[in-house]
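Step one of this worksheet: look at the structure below.
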Amino acid sequence: MLALGAVAGGAGAAAVLLPKGTTAPVTAGAAPAPVTPTGAGGAAAAGHVGHSVPSGFAVPGGPAIRPAVTPFTVPMPLAKELRPVASTSTADRYELTVKPADVEILPGLKTPMWTYGGSFMGPVIRARTGRATEVSFRNDLALATNVHLHGAHVDAANDGYPMELIEPGGSRTYRYPNKQQGALLWYHAHSHGTDPEHVYRGQHGFYIVDDPAEAGLNLPCGAFDVPIMLRDALFDAAGNFVFGGNPADRNVALVNGKPQPYFQVAARKYRFRIVNTATERVFRLSLAGAKITQIGTDGGLLPAPVDKAELKFSSGERVDVVIDFSQVKFGSSIVLTDATFGPMLRFDVVRRATDTSKVPARLRPLEVLPAATVTRDVAIATDFSQGGPIPVGVINGKPFDHNRIDMTVKRGSTELWNISNADGAYGFTHNFHIHLVQFQVISRNGGPPAPEDAGLKDTVLLPPGDVVQVKAQFTGYLGKYVYHCHFLEHGAIGMMGQMEIVD
Ligand code: C2O
Ligand code: CU
């Protein structure tokens, strides 16, 4: 189990790892990871500048409670789709405001959130393979922030580098080329040291790349292709989010922003694209023994559908599944259950509908990558040796330093990375996310990949002591990109490194 302690101090707060059996110290104002604001569009500035929290900004929060929720009394909300403000023959332009909003999550209570566009889930941005997207984000928060499109193959200037921030009142346009296959991506805050809090308070949204090359597969589409965002939260009695402390203590699971909703479905096939936006959580979902057919993962479709009894995926990862409700007795219900939280979402089969969609036996072959020319070892660990109440997250022994390049990667090259969770002795779980690329898992602990490793991945789960070997080709762009543990509290204390892609 993972034990984490709080560091108080507003937006600079970051939770920290502690060894098993220790008690979390609380240290006021000791933000471990300084943030260097650089202004909209600015390059990373040198030097560390502590981020000050504007007075009056402190987020209220009383002691945490376990809210009484009557299961299955509210419908699962569906994410809105964002409409372009302008379109040309090659690109669509969107505008979105990052802003505070009071959102009803628990019945009858308002939760102050930091949102994209005012709702719990940032709206769905629907892109198309081969057609560019421009999204202009205006920052109406009182704090600097930025946006990373998780899973995108994008040039470094548009990747949401953790030191390149949008100041309050500023805006920044990110341009996404969408030269990648169909997939559910997601956008979220990525300001170094503060992104756990920004994402926790609501800066998470859907981005779907639709791929014309997949249209002929005839998978469920339109109203039968439903994005779902899963995460956790901890509340006080007034409905405020409680941030800090041990993320494992977050006792409410949210499905599209509601605890234990229901979803009325027709007796036919649905596609559900599910993203785990919790800052630190592994979900293990099952459907009362009924069949869940996984068709895709982080980077897009699997080569062939796989029937799953359980979906296991950690912070940042996606699963793309088809559930056929014609197999459920008409008029009855079936409950999606998590191994930790229990019942999450009830599907009520209330309508009949024709269904011409299919799950073909072959979906999309995985690209065969060239032979690797470089092999690297990447060890993720927690370093308690530096003293003080906050340990340091390290990769190959070093905490993140934006002034240091940890790896130089030749553009176009194919590499093997042996990524290990070196915290086995503490029992800490991690995962690992690489920007820019989708990788393929070659092996786990010297054996075959685990079922959840299949397909194109950008984030992979690392239970204590595990070693995964992944293979990636670094095509397309030059510049600096980070890789990190996507348990965001871990990235914030340094469990992040950066590579520079060069010619
Ligand atoms: Cu979803 Cu570097 O992150
Ligand atoms: Cu971690």
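Worth a mention:
- Debye intensity ratio in log₁₀ form over the Cα atoms of segment 426-482, taken at each q of 0.12, 0.13, 0.23, 0.28 Å⁻¹: -0.30, -0.35, -0.92, -1.18
- Going from the fewest other Cβ atoms within 10 Å to the most, the residues 407, 163 appear in the order 407, 163.
- Ranking 173, 137, 117 by Cα position along the charge dipole of segment 112-173, where only Lys, Arg, Asp and Glu carry charges on their C-beta atoms, puts 117 farthest toward the positive end.
- Size of electric dipole in the chain: Cβ of Lys, Arg +1 and of Asp, Glu -1, about Cα centre, debye, nearest 20: 1180
- Relative to the current alpha-carbon distance between residue 210 and residue 90, full extension at 0.36 nm per residue lengthens the span by 41.7 nm.
- Dipole magnitude of segment 347-402, debye to nearest 20 (Cβ charges: Lys/Arg +1, Asp/Glu -1, about Cα centre): 460
- For residue 171, net neighbour charge (Lys/Arg +1, Asp/Glu -1) across residues whose Cβ lies under 9 Å away: +1
- Summarising the strand pairing of the chain, around 70 percent of its internal DSSP beta bridges are antiparallel.
- Distance (nanometres) between label positions extended 7 Å along Cα→Cβ at residue 237 and residue 414: 6.2
- Each Lys and Arg contributes +1 and each Asp and Glu -1, all at the Cβ; summed about the Cα centre of segment 282-418, the dipole is approximately 420 debye.
- Cut-off 18 Å, label 7 Å out along Cα→Cβ of residue 249, residues of segment 368-399 by amide N: 389-391
- Dipole-positive endmost among 259, 192, 182 within segment 182-277 (Cβ charges, Cα centre): 259
- Calculated FRET efficiency for the pair residue 68/residue 110, C-beta based, R₀ 22 Å, to 0.05: 0.80
- Sequence of 404, 281, 131 once ranked by neighbouring C-beta atoms within 10 Å, starting from the fewest: 404, 131, 281
- Scanning residues 5 or more positions from residue 232 or on other chains, those with amide H under 5 Å from its amide H are 254, 278, 279, with H placed 1.01 Å from N in the peptide plane.
- Spatial separation of Cα centroids for segment 173-197 and segment 103-155, in angstrom: 9
- Measuring r between the beta carbons of residue 396 and residue 366 and using R0 = 41 Å, the FRET efficiency lands at 0.90.
- Shape call, the chain: gyration tensor on alpha carbons, a/c limit 1.5: rounded
- Residues whose amide H falls under 5 Å from that of residue 409, counting only those 5 or more places apart or on a different chain, are 500, 501, 502, with hydrogens built in the peptide plane.
- Fully extending the segment from residue 500 to residue 425 would add 23.8 nm, taking 0.36 nm per residue of separation and subtracting the current Cα-Cα distance.
- Between residue 304 and residue 128, residue separation times 0.36 nm minus the direct Cα-Cα distance comes to 61.1 nm.
- Cβ-derived FRET efficiency at R0 22 Å, residue 374 paired with residue 478, nearest 0.05: 0.85
- For segment 374-502, the C-alpha radius of gyration sits at 1.01 times the compact-globule guess of 2.2 N^0.38 Å, with N the residue count.
- Exceeding the 26 Å Cα-Cα cut-off - candidates 398/471; 258/471; 179/471; 312/480: 258/471; 312/480
- ³J(HN,Hα), Karplus 6.51/-1.76/1.60, whole Hz, each residue of segment 250-258, x for Gly, Pro: 5, 9, 10, 8, 10, 10, 6, x, 10
- Surrounding net charge for residue 90, when Lys and Arg each add one and Asp and Glu each subtract one, Cβ distance under 13 Å: +3
- Proxy reagent accessibility, fewest Cβ within 10 Å first, across 452, 95, 317: 95, 452, 317
Rule-based calculations on the coordinates, nothing more; no lab input. Computed from a prediction, not measured in an experiment: that's the story for all the values here. Cβ: placed from backbone, ideal geometry, glycine included. Neighbour counts: every protein chain shown.
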